[in-house]
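Quick notes on the structure that follows.
Please treat every number below as a calculation from the coordinates, not as lab data. Not measured: the values here are computed from a predicted model. Cβ atoms come from the backbone with ideal geometry, glycine included; neighbour counts cover every protein chain shown.
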């Protein structure tokens, strides 16, 4: 019997299908951001514990990226991508039905596994389908489509949550993922890279331990303190696992974690830049998320519009930067691009709880235009051999998703800390100016910590005699606390971006490409 081999589909048809699948996933992922404050309120958990909603997802996605990237190279990239969409769909439906906060965290962890099967494979296909001189444009399109998904997802989520509550985002996300599954199934050709090899079990275990331990540090600091045994234990465990991972992976012929790429100066520097860039971006975005929602007269719909504006600007920036990266010096372009969000953050240090949303939207739009991700993707793929596109993309995705919770969880924790500190300081200052007795300041602080729900009888009597309502003091204090938090975090983000620009200066002048990469695989 003669076997008829199907002609390969157009690379642009395949790329469009892949981008559509990624768009569905990113749309569902971004649904989460505007929902965080609502979920925290629904399950009655403190703001800093809401970080676990983000952390549970990214610990699993970051840990699985190197694994799925390697498996995709060996067993089929399309196959792994489809499995990921199935996992993601079911976990979204499970999250919608969550009866407890713990169950939601479990569903979010499984969602992380699903996403780990999607994004590194889509990035790998950019290397498979396009030669080096066209990857900047393809990466720019991919980044912009992610921006469109993020933009529309945030706006839609904010609207849906305000009407139907937070579970709706997971129902919609699961349904969209089912659509993405069939698009990939019918329009993308299978692609494989290196030969099959034994699974690196020690590497997998060490990745989980190192990632989970290190990413939990900021949350543990907020709960138990910097010097607590839990925090120090997590740091020690994470660092030890990371060192062992480096030793083990350098001794294995086919490691799950492609550390050999990090020894290449260009890839290593790009990886560091990517990590810092993602962390700084997420720190700003998630701190603004809580600022807009929790400031006096704030609303989740306003947060949704914020995400729409910043990601909408990233769509435009991604296309422009991606196109330019195929035509001009990437090092100079990268530095110029990074200056844009740095300037935006400096301006953001001057906003307050009373600042109009229009001004905030203008700042966020300026921030979003300065997206350097297409440059990072292009430069990273430049030094990855075609047969290892999945592994190389998996490592890059691991770095991105290590940076995402590093920035977002840190942003949430620091926002909570700065906000509480600023609110307490404002409350005590107002109480002193109002003439409340100094011996009642402790009672004022305790009343503020309870949100005004528990007020000492002596303090209540004095407030009544002075004609002061405690809720009025709390309203002013909440605004000043929000202002203190967002200003402080903007300064922190500025430091991040300055560090990124300094590292970018050390990029090699000549960006060499892999010889076997002249043609698309």
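If eta is 1.002 mPa s and T is 20 °C, what Stokes-Einstein diffusion coefficient results for segment 261-345, Kirkwood Rh from Cα pairs, in µm²/s? Answer from the Stokes-Einstein relation: 143 µm²/s.
Relative contact order for segment 17-170: what percent, with Cα pairs under 8 Å and sequence separation of 6 or more?
Values: 178 pairs, mean separation 58.9, N = 154.
After rounding, I find 38 percent.
I'd like the distance between the alpha-carbon centres of segment 344-387 and segment 234-307, rounded to an integer number of Å. With segment 344-387 and segment 234-307 each reduced to a Cα centre, they are spaced 15 Å. The angle between the Cα long axis of helix 457-466 and the main principal axis of the chain comes to about 70°, on a 0 to 90 degree scale.
Where does each of 400, 77 land when they are ranked from fewest to most other beta-carbon atoms within 10 angstrom? Working shown, then result.
Details: 400 26, 77 30.
Result, fewest neighbours first: 400, 77.
From least to most packed, judged by other beta carbons within 10 angstrom and beginning with the fewest, 73, 326 follow the order 326, 73.
In terms of other Cβ atoms within 10 Å, 472, 200 run from fewest to most in the order 472, 200.
Scaled against the 2.2 N^0.38 Å expected of a compact globular protein of N residues, the Cα radius of gyration of the chain reads 1.01. Calculated mean residue ellipticity at 222 nm for the chain: -26500 deg cm²/dmol, from DSSP H runs with n ≥ 4 weighted as -39500 (n - 2.57), summed, divided by the residue count and rounded to 500.
Across segment 360-419, Cα-Cα pairs farther apart than 16 Å form 64% of the total.
Across segment 67-193 the C-alpha pair distances fall into 5 Å bins from zero in the proportions 2, 10, 16, 19, 21, 14, 9, 5, 2, 0, 0 percent. What the Cα atoms of segment 333-451 give is an Rg and a Dmax of 22.3, 74 Å. Angle of helix 101-116 to the longest C-alpha principal axis of the chain, folded into 0 to 90 degrees and rounded to 10: 30°. Note: relative contact order over the chain, using C-alpha pairs below 8 Å and six or more positions apart, is 24 percent.
Helix 300-325 against the longest principal axis of the chain: what's the angle in degrees, Cα atoms only, rounded to the nearest 10? For helix 300-325, the angle is close to 30 degrees.
By the Cα gyration tensor, segment 97-172 has an equivalent ellipsoid whose semi-axes, rounded to whole angstrom, run 32, 18, 6 from largest to smallest.
Take the alpha carbon atoms of segment 24-100, find their center, do the same for segment 466-491, and report the distance between the two centers in whole angstrom. Between the Cα centre of segment 24-100 and that of segment 466-491, the gap is 34 Å. Cα extents for segment 386-492 along the principal axes, largest to smallest and rounded to whole angstrom: 78, 24, 19. Note on segment 418-461: along the principal axes its Cα atoms extend 30, 22, 13 Å, ordered by decreasing extent.
When only Cα pairs below 8 angstrom with a gap of at least 6 residues are kept, segment 225-327 shows a relative contact order of 8 percent. For segment 35-127, the equivalent ellipsoid derived from the alpha-carbon gyration tensor has semi-axes of 29, 13, 9 Å in decreasing order.
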